[in-house]
Structures are given as C-alpha cells and as structure tokens.
Amino acid sequence: MIHRSAIRLTLAVAVVATIGCDRVTKRIASDVLAGGEVRTYLADTIRLEYAENTGGFLGLGANLPDAWRTTLFTIATGILLVMMAALAWRSRWSGWLLMGACLVLAGGASNWVDRVVRGSVVDFMNVGIGPLRTGVFNVADVAIMIGIASIVVARLRPSSRAA
C-alpha cells in the first residue's frame, strides 16, 4: 500500500507543476504571441494566438458590466474554489476523485490569480480541423477539464458511488 505522505507529495507536485506550467506558458504567450501573427502547426490543427479573456469558459460573460464580471469571475470563483477544497478535505476524497479535485483547484487558482492581478486570463491555444475548432484556451483550462472528467468518471464508478 502506498504511504499517505507519498500520495500527498504526489498531489502537491501535480498542483505545483500544473500552476507552474500554466504561469510559464502564459508568460511565453504574452512575450512571443501578443501583437503578432497567429502561428499554425500540423496543417493548421494547432493554432497559437494571443487572447485576453475577460469572460469565463470560451469567453462567456465577457460582455457583462465590469461589476458583474468581477463578482462572478473573481469573487464567486474564489469562493467556489475554497468550497471545493473544503469538500474534498472534509469528505476525505481519495484516488481519482482527489486527483481530479487537485487539477480543478490548480487550474482554477491559476486562472483566478490572472483575474485578480490583470482583470483577464491569457489564452493562447486553439485546436481543430477545418471549421471545427475549439475556443482559445490555456494550460489551466486543460487541467480543469481533465480534473472535471476525472471527478465525473470517479463518481460514475460503482465503487465510488457510496463515497
């Protein structure tokens, strides 16, 4: 059986690595892509372009008045992140459920810091084929989506329904 301290260390490394990768890639995107041309790779499957997102997922809410955006994307998001951490702690989540929560919290925290410091989130990646494309996103968004998927899969597994 794996020792609890090894699991905690692994989760801490995953959180720090997620936040670190997100911060570094956003900095590179700001330095290299801001004000420049869109860069495409693999026959335009991957696009790198600088975007500042003042809204939420895929820019939703970007047109809201400043006070509403601040309330929703800074204050409410901060509260939700703290509530999720408390739920995971109090419910003693483990395994994929806990790993998913850590990824959501790491990605959410990194984007939350952007909102507090800059008022927007730096996005820079877009993938797709032809007209079928994603919105512009960042590493934190990927962590959040993988985390949510992990939580959903863990909750759907019969052994974790009672947890």
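The values are calculated or read from the model by the stated rules, or taken from the named source; none is laboratory data. Here the structure is a predicted model, which is why all the values come from computation and not from measurement. Because the Cβ atoms are built from the backbone with ideal geometry, glycine has one as well, and the counts that use them run over all protein chains shown.
Observations, loosely collected:
- Within region 49-65, the residues that satisfy the criterion of being of a type outside the set (Gly, Ala, Ser) and at pLDDT 85 or above are Glu49, Tyr50, Glu52, Asn53, Thr54, Asn63, Leu64, Pro65.
- Residue within region 126-135 that is modelled with pLDDT of 95 or more and at positive phi present: yes
- A search for C-beta distances below 9 Å between a residue of region 145-159 that is closer than 16 Å to Leu81 by Cα and any residue that is at pLDDT below 95 and among the aromatic types (Phe, Trp, Tyr), counting only pairs 6+ apart in sequence or on different chains, returns Ile151/Trp93; Ile151/Trp96.
- When Ile79 is tested against (1) touching a residue at least 24 places away in the same chain (Cβ under 8 Å); (2) assigned to a helix (DSSP H, G or I); (3) aliphatic (A, V, I, L, M), exactly one condition is not met: (1).
- Residue in region 83-101 that is farther than 19 Å from Ile151 by Cβ and touching a helix residue (DSSP H, G or I) at 6+ places or on another chain (Cβ under 9 Å) present: no
- Across region 7-42, the number of residues qualifying as surrounded by fewer than 10 Cβ atoms within 10 Å (Cβ to Cβ) and in a helix (DSSP H, G or I) comes to 1.
- Enumeration of residues in region 54-76 that are in contact with a helix residue (DSSP H, G or I) (Cβ under 9 Å, 6 or more places away or on another chain), part of a helix (DSSP H, G or I) and of a type in the set (S, T, N, Q): Thr70, Thr74
Yes or no, residue by residue, for (1) closer than 16 Å to Ile7 by Cβ; (2) loosely packed, with under 15 Cβ neighbours inside 10 Å; (3) in contact with a strand residue (DSSP E or B) (Cβ under 7 Å, 6 or more places away or on another chain); (4) at pLDDT below 95:
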residue: Thr70; (1), (2), (3), (4): no, no, no, yes
residue: Phe73; (1), (2), (3), (4): no, no, no, yes
residue: Ala88; (1), (2), (3), (4): yes, no, no, yes
residue: Gly95; (1), (2), (3), (4): yes, yes, no, yes
residue: Ala101; (1), (2), (3), (4): yes, no, no, no
residue: Val104; (1), (2), (3), (4): no, no, no, no
